[in-house]
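This report refers to the structure that appears directly beneath it.
Every number here is computed from the coordinates shown, using simple stated rules; none is lab data. Source: prediction; values computed, not measured. Don't worry about glycine lacking a Cβ; one is built from the backbone with ideal geometry, like all the others, and counts go over all protein chains shown.
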Amino acid sequence: MLNSKRYDLDVTALYPTHVPLDMISKGALAAMSAVGALIRPARADLVAAVGETSPFSTTLLKQLATRMRNDAVGQQILSERPRVTSQAVAPCLDMPEGSFGAAYARFMGDRNFSADDRPPVRFVDDEELAYVLTRMREVHDFWHVLFDCQTNVFGEIAVKSMEFVQTGMPMTGLAVAGAQWKLKSEDRDLLQRVYLPWSYRAGTRCHDLMNIYYERHFEEDLDAMRMRLRIIPAPPVPDYMRRKQNKNKAP
């Protein structure tokens, strides 16, 4: 993980995980993290640091916060500050088959994921904006379920591409730019011909993803929820890629 040093001891932490940095230190961290994220897009800590330290991120987070304040549901989310934790999503285990909650529970269980695994925000120097970024990280797996994207490299690129269309956050664009060149040429061609155009259509057509109180829709039928939110599920994985995935799963 990234090491960080608190250089300005006169600045009071604004939230429990906040690490205040002076402008030079933050700029250096942003530059190093951006280069590292392009080279090693699987490094979640580097990608996260770009989202927290880039000056573009601050501007975009302010825009996201304004979008949320201008929406009744988004305003409620900012007021109540729900957190996606294992305890908060535990009811999903008891949701009826076909519901959004049941699909989410299956998605997490099949991969042995935990809602508590997301890294905390540390370098955003505004308490509300730190929550906006925290919320974006914590609902990421909900997006995987709604858009029917896998969690392999290909699926993550697809979700990150759609996320970039929705939010414009630089760390999502960097993740896509860096990771796609790790793909084989045939997979990269498929990504650029099919999945990147899909991500644009899906991201521009669907409801504002930051203004959805996901926790209140666990019982809702997944297909009905997708229709209501104008969700376009990702194109199905081609047979040749499915065969490779199955081969990778074999003991």
Worksheet entry | FRET efficiency for residue 194 and residue 227, using Cβ-Cβ distance with R0 set to 22 Å, rounded to 0.05 | 0.45
Worksheet item: Among residues other than residue 220 whose Cβ falls under 14 Å from its Cβ, what is the net charge (Lys/Arg +1, Asp/Glu -1)?
Response: -2
Discussion item. Only sites in a loop by DSSP and with at most 13 other Cβ atoms within 10 Å count here; which trypsin sites (Lys or Arg not before Pro) in the range 107-162 make the cut?
Written reply: 111
Item to complete: In whole Hz, with x marking every Gly and Pro, tabulate ³J(HN,Hα) for the range 209-217 from phi via Karplus 6.51 cos²θ - 1.76 cosθ + 1.60, θ = phi - 60°.
Response: 5, 7, 10, 10, 8, 3, 4, 8, 10
Fill in: Filter on 26/62; 62/184; 160/182 - keep pairs with C-alpha separation over 27 Å
62/184
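Compute the relative contact order of the range 62-150 as a whole-number percentage, counting only Cα pairs closer than 8 Å that sit 6 or more residues apart in sequence. Could the numbers behind the result be given before it?
Values: 59 pairs, mean separation 26.8, N = 89.
It comes to 30 percent, rounded to a whole number.
Subtracting the Cα-Cα distance from 0.36 nm times the residue separation, let me have the gained length for residue 106 to residue 67 in nm, one decimal.
Values: separation 39, 0.36 × 39 = 14.04 nm, distance 3.13 nm.
Working it through step by step, the gained length comes to 10.9 nm.
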Fill in: Sequence-distant residues sharing a close amide H with residue 99 (under 5 Å, placed H)
222
Discussion item. Need one number: nm distance between label points at residue 32 and residue 114, each 7 Å from Cα along Cα→Cβ, rounded to one decimal.
Written reply: 2.9
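What does the charge count around residue 65 come to, taking other residues whose C-beta lies under 12 Å from its C-beta (Lys +1, Arg +1, Asp -1, Glu -1)?
On the way: positive: 62, 67, 69, 135; negative: 71, 126, 127, 128.
Around residue 65, the surrounding residues sum to 0.
What shape does the range 58-157 take by its C-alpha gyration tensor, where a ≥ b ≥ c are the square roots of the eigenvalues and a/c under 1.5 counts as rounded, a/b above b/c as prolate, and the rest as oblate? Before the final figure, lay out the partial values.
Working: a/c = 1.92, a/b = 1.60, b/c = 1.20.
Taking the square roots of the gyration eigenvalues as a ≥ b ≥ c, the range 58-157 is prolate.
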Worksheet item: Under a 5 Å amide H to amide H cut-off, with H placed in plane at 1.01 Å, what residues pair with residue 152 once short-range neighbours are removed?
Response: none
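Net charge near residue 86, counting Lys/Arg +1 and Asp/Glu -1 over other residues with Cβ under 10 Å of its Cβ?
Details: positive: none; negative: 116, 117.
Here the count lands on -2.
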